[in-house]
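Single-structure report; data block below.
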Amino acid sequence: MKRLGRILVVLEAVLEMENLVFLIHDFGLGPFWRVFLPLAAHVLTIALLAVGFVRPWNLSKAADRAWAVTAMCMALPVPLLGFLGFVVVYALVTSGTRGRGELLRDFQEYISYDPSVAAQARARPGERFIMDEVDVAPLRDILTGHDLALKRGAILSLSRLPRPEAVTLLKGALADPAREIRYYASTALSDMEREFNDRIFRLVREIEAAPTAVERHTELARIVLDYTEAGLLDEGMVRFFLDVGLRALDKARLVATQDRRIDLLMGRLQHRARDLEGASASLARYVEAVPNDRDAVLLAAEIEFERGRLARAREILDTATRTFADDKAVGELATLVIGGGPGDGTRAGTGTGTGTD
């Protein structure tokens with residue numbers, strides 16, 4: 001295989017050199033041969049590039065198909081120079097060390113995207129973020145200490161927890177006295193952003209390939225919500241990604257009009273985007289269908305409170321208190337949301353004259 005690849009490279013290079021030579025010197029040939037010979041050499045080079053370069057392409061693989069197309073597109077317009085340009089690009093992409101050629105590798109990944117490979121990648125749990133509830137308090141204590149090895153381990157653990165508290169600790173480590181720790185924290189934040197962006201990009205491509213796949217739309221919305229809540233983005237980019245998630249859910253709703261998960265995600269995204277009226281309507285539809293989702297009920301009450309509709313917020317919380325009678329956290333959260341427990345006539349807002357819808 002390697003020998004055949006070397007033969008292909010030599011033949012392509014010789015044909016391109018022959019093409020250039022015949023263009024520069026006519027060797028006393030007639031007009032027909034002066035046009036036919038360089039053109040034939042160039043066309044044969046393009047045909048060989050479609051077969052392989054340093055190795056024969058396996059056209060069943062997206063990456064090899066991308067290399068074949070790139071080679072032909074670069075070599076076809078400009079004889080010899082286009083071929084040499086492809087040689088340089090191929091060398092940079094295939095032999096670049098870690099940390100170099102990021103743009104070229106990203107370009108190669110973009111043009112060689114294969115949904116089947118992406119599906120296999122999602123099945124590898126080791127490459128996913130850890131989204132479970134993990135207490136980061138011990139890691140906070142480690143980062144305030146002086147043991148560099150423990151700090152490196154803490155940063156590695158935090159890099160797999162794309163949650164606001166983890167991002168806050170990593171940003172705090174950017175001011176650590178040790179340059180090594182500042183470097184690791186900066187790298188962890190960059191890797192976290194890259195992971196989010198890569199997952200969003202792949203899902204967008206999958207949705208383009210299968211626009212009726214509701215699961216892909218809802219998964220995209222969930223990832224966008226996690227990304228915007230993690231604290232990695234500035235406010236301008238938060239709005240951009242929220243729009244991406246909302247558009248995905250709008251398309252999903254056209255396909256699955258009765259899927260209440262869409263209403264929940266829509267409500268959370270709209271709340272994050274400060275579209276309180278839309279968030280209220282979406283949460284109301286979801287809570288009506290799924291009244292036992294405590295978090296959704298409390299979020300609906302919080303949204304009504306933020307809208308100034310205190311009577312409606314109290315009504316939701318009174319219902320929640322009866323529905324989740326054994327859940328002490330409901331009473332505590334109700335206090336945080338409206339300033340008092342359900343049924344308490346002295347709650348915040350009673351003296352403002354705005355206690356009605």
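The values are calculated or read from the model by the stated rules, or taken from the named source; none is laboratory data. Worth saying up front: this structure is predicted, and the values here are computed from it rather than measured. As a convention, Cβ positions derive from the backbone with ideal geometry for all residues, glycine included, and neighbour counts pool all protein chains shown. Side chains included, ligands, DNA and RNA excluded: accessible areas come from the protein's heavy atoms. Shrake-Rupley method; radii C 1.70, N 1.55, O 1.52, S 1.80 Å.
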Options ASP226, ASP250; residue that is in a helix (DSSP H, G or I) and in contact with a Pro (Cβ under 7 Å, 6 or more places away or on another chain): ASP226
All helices (runs of 4 or more DSSP H) inside region 1-77 with 2 or more residues being open to solvent by 80 Å² or more (accessible area, probe 1.4 Å) and more than 19 Å from VAL87 (Cα to Cα): 2-24, 31-51
Selected residue (criterion: farthest from ILE223 (Cα to Cα)) from residues of region 292-308 that are outside any helix (DSSP H, G or I) and open to solvent by 70 Å² or more (accessible area, probe 1.4 Å): ARG307
So GLY339, is it more than 30 Å from THR257 (Cβ to Cβ), in contact with a Lys or Arg (Cβ under 6 Å, 6 or more places away or on another chain) and at pLDDT below 75: yes
Qualifying residue in region 215-224 (condition: more than 15 Å from the chain's Cα centre (by Cα), open to solvent by 30 Å² or more (accessible area, probe 1.4 Å) and at pLDDT 85 or above): yes
Residue tally, condition farther than 27 Å from VAL204 by Cα, crowded, with 22+ Cβ neighbours inside 10 Å and not aliphatic (A, V, I, L, M), over region 251-291: 0
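For (1) within 20 Å of LEU92 (Cβ to Cβ); (2) of a type outside the set (Val, Ile, Thr); (3) in contact with a Phe, Trp or Tyr (Cβ under 6 Å, 6 or more places away or on another chain), each residue gets a yes or a no:
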position	(1), (2), (3)
GLY5	yes, yes, no
LEU29	no, yes, no
TRP33	no, yes, no
PHE36	no, yes, no
VAL54	yes, no, no
TRP57	yes, yes, no
ALA63	yes, yes, no
VAL69	yes, no, no
